[in-house]
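A.B. asks: Attaching a single structure in structure tokens format; questions to follow.
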């Protein structure tokens, strides 16, 4: 997409000027990815609203269930995902200034923080299983496992996408002027990862905090 | 003029502070037995503020076509608002 390259070159300076801002009004990544993101957000919105309604109908059960969750683990996971998202955001800038190696390094850091999330989440599941708690324990844990496991799968998919982006960046594919659409692919992958982060931003307070 | 990494770093710091704030408020209300609806409304407001940072800074929608930015910002406002209304 020629506009992507145009924006990429424009963003390589520190800040767009006021006159250039109007010209740069473009959606990062592919339009199809944004429709996919909207679909994902809608599914999770239904989950979130369903969880809130179920909690309103079973206040005691949900309070007891939340008391058994590890809030610190949830907090560490939140910080890990926000930090991972930060590294993906600055790796996109590295790509725009044609610094592939720096972009790869930042993507690897993003993957490290994503791995922190994976390890802690698995530990959290294991500790619940050891207490004899599983998806059939009660309505709270059914929804807890459904929502968090569904989000977990999105994290895994996001990590695969980040690895693919890092591989392409390492091979210099985003610097090939004949493959401008590939740069849009990098933006799309980054936006998908930010969506996963955005979902956790809602999921964590809803399930762990309130 | 703020450099690109300063903008992202500020956003990251703001997101961490808001996360800590929501957990701290949760702990406070747990022991203070104050109005739970007020507590939920505050936490949902924090979600909206964090969502705005991700949408505008990390997703870079601040300078995107307003339709897409408005859709994404609506999500981080409307979903927490619905959740708050359910708990009232």
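Bear in mind that the values in this text are calculations on the coordinates, not laboratory data. Remember, predicted model here, so these are calculated numbers, not experimental data. Cβ placement follows ideal geometry from the backbone for every residue including glycine, while neighbour counts extend to all protein chains displayed.
A.B. asks: Between the stretch A:82-127 and the stretch A:185-209, what's the alpha-carbon centroid distance in Å?
C.D. replies: Using only Cα atoms, the two centres lie 13 Å from each other.
A.B. asks: Using only atoms on other chains, find how many Cβ atoms lie within 10 Å of each Cβ of peptide A:73-83 and report the average.
C.D. replies: 3
A.B. asks: R0 = 30 Å: FRET efficiency of residue A:46 with residue B:5, Cβ-based, nearest 0.05?
C.D. replies: Numbers: r = 37 Å, r/R0 = 1.23.
After rounding, the FRET efficiency stands at 0.20.
A.B. asks: If you take the beta carbon distance between residue B:24 and residue A:138 as r and set R0 to 30 Å, what does 1/(1 + (r/R0)^6) give as a FRET efficiency, to the nearest 0.05? Can you show the working numbers first?
C.D. replies: Values: r = 29 Å, r/R0 = 0.96.
Once rounded, the FRET efficiency stands at 0.55.
A.B. asks: Using only atoms on other chains, find how many Cβ atoms lie within 10 Å of each Cβ of peptide B:59-71 and report the average. Don't skip to the answer; put the middle values down first.
C.D. replies: Details: counts 15, 13, 5, 1, 9, 7, 3, 1, 1, 7, 2, 0, 4.
Counting other chains' Cβ atoms within 10 Å and averaging over B:59-71 gives 5.
A.B. asks: Per residue of B:16-22, count partner chain C-beta atoms within 10 Å of its C-beta, then hand back the mean as an integer. If you can, show how the numbers build up before the last one.
C.D. replies: On the way: counts 5, 0, 2, 10, 3, 0, 8.
What the average comes to for B:16-22 is 4.
A.B. asks: Based on DSSP H runs of at least 4 residues, each adding -39500 (n - 2.57), what is the mean residue ellipticity at 222 nm of chain A after dividing by all its residues, to the nearest 500 deg cm²/dmol? Please list the in-between numbers first.
C.D. replies: Values: 8 runs with 166 residues, N = 210.
Helix contribution divided over all residues of chain A: -27500 deg cm²/dmol.
A.B. asks: Here is a further query. How far is it, in nm, from the label point at residue A:76 to the one at residue A:130 when both lie 7 Å from their Cα along the line to the Cβ?
C.D. replies: 1.3
A.B. asks: Under the 0.36 nm per residue contour assumption, what length would be gained going from the current alpha-carbon distance of residue A:32 and residue A:102 to full extension? Don't skip to the end; give the middle numbers.
C.D. replies: Details: separation 70, 0.36 × 70 = 25.20 nm, distance 2.79 nm.
This chain segment gains 22.4 nm when fully extended.
A.B. asks: Rounded to the nearest Å, what's the spacing between the alpha carbon centres of the stretch A:26-47 and the stretch B:45-88? Just the number, please.
C.D. replies: 13
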